[in-house]
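The values are calculated or read from the model by the stated rules, or taken from the named source; none is laboratory data. Worth saying up front: this structure is predicted, and the values here are computed from it rather than measured. All Cβ positions, glycine included, derive from the backbone under ideal geometry; neighbour counts span all protein chains shown.
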Amino acid sequence: MVGTVQSDLKGLAAFLGEGAEHSSMPVLRDPVVTLEDIRLRKITLSSLDLEMQIRVDNPNPLGITLRELPFTVLCSSGHTGQQLASGNTGRVKIAGNSSTVLGIPVTSQNAALISALSTFVTKGGIQVTIRGTATIDAFLFGWSVPFEKTLPVTMGQVADSLAGEKKPR
C-alpha cells in the first residue's frame, strides 16, 4: 500500500513537471498578463468610459481558473500617477497552452479625469498604466501574479475611436 501511494505521488509530480527526486523545479509556470489595448467607449463632461483589453496567456499544459484580476488604471500627469479607474475580470477559465483576451469596461468619474484630460490636450497624449494582481487556481494550487503595463494614448487614437475606426492587428 505504501509503495502504491509513493508511486502515485511520483506520477503526479512527473505529470506536473516536477522531477521525482528534485522538488526545487517549478510545478506550474506563472500565466502572463498583458495590457493589449485601451479603447475609448464614450466621453461625457463628467465621465470617461474605457474598455481595457487584457490578455492572459496560460503556458501550462493544465487549464487554470483566473479567480479574479483586480486592477487599477493610472494616468501619468507629470511625475505622478493618478488613479482614473479600477476594475476586475471576475472568474474566467483558460485552457492549457492557450490565451484569452478579456474586455473589461471601466468608467472614470473623478477629479483625476480633469487633470488627465488637461495633460492630454496640452501634450497631445498621455501615458496610461494598468496595475494589478491575477489570482490563479490550477489543480490543487493557487497563487498570485502581479503585473503592470504602460501604454501611450494619443490624439490620433482618440480621433480614430470617436470615428469608429479599429486599429489593424
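A quick yes/no check of all residues on (1) basic (Lys, Arg); (2) assigned by TED's automatic domain parsing to the domain that holds THR122; (3) surrounded by fewer than 20 Cβ atoms within 10 Å (Cβ to Cβ):
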| position | (1), (2), (3) |
| --- | --- |
| GLN53 | no, yes, yes |
| VAL56 | no, yes, no |
| VAL73 | no, yes, no |
| SER76 | no, yes, yes |
| GLN83 | no, yes, yes |
| ARG91 | yes, yes, yes |
| ILE94 | no, yes, no |
| SER99 | no, yes, yes |
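Could you go through the stretch 7-27 and let me know if any residue there is assigned to a strand (DSSP E or B) and either at pLDDT 85 or above or in contact with a strand residue (DSSP E or B) (Cβ under 9 Å, 6 or more places away or on another chain) (or both).
no
Counting only residues that are over 14 Å from LEU35 (Cα atoms) and in contact with a Ser or Thr (Cβ under 6 Å, 6 or more places away or on another chain), how many does the stretch 67-80 have? Don't jump to the end; show me each part of the working.
Going through the stretch 67-80, the residues over 14 Å from LEU35 (Cα atoms) turn out to be 67-68, 75-80.
Filter once more, keeping what is in contact with a Ser or Thr (Cβ under 6 Å, 6 or more places away or on another chain): 67-68, 77.
Qualifying residue count, the stretch 67-80: 3.
Having 3 or more residues that are at pLDDT 90 or above and farther than 16 Å from ASP37 by Cα is the bar; report the strands (runs of 3 or more DSSP E) wholly within the stretch 83-138 that clear it.
92-94, 125-138
Can you tell me which residue in the stretch 28-42 is surrounded by the fewest Cβ atoms within 10 Å (Cβ to Cβ), limited to those that are modelled with pLDDT of 85 or more and farther than 26 Å from SER108 by Cα?
By that ranking, first place goes to ARG29.
Going through the stretch 61-82 one residue at a time, which ones are of a type outside the set (Phe, Trp, Tyr), in a strand (DSSP E or B) and either at pLDDT 90 or above or on the phi > 0 side of the Ramachandran plot (or both)?
ILE64, THR65, LEU66, ARG67, GLU68, THR72
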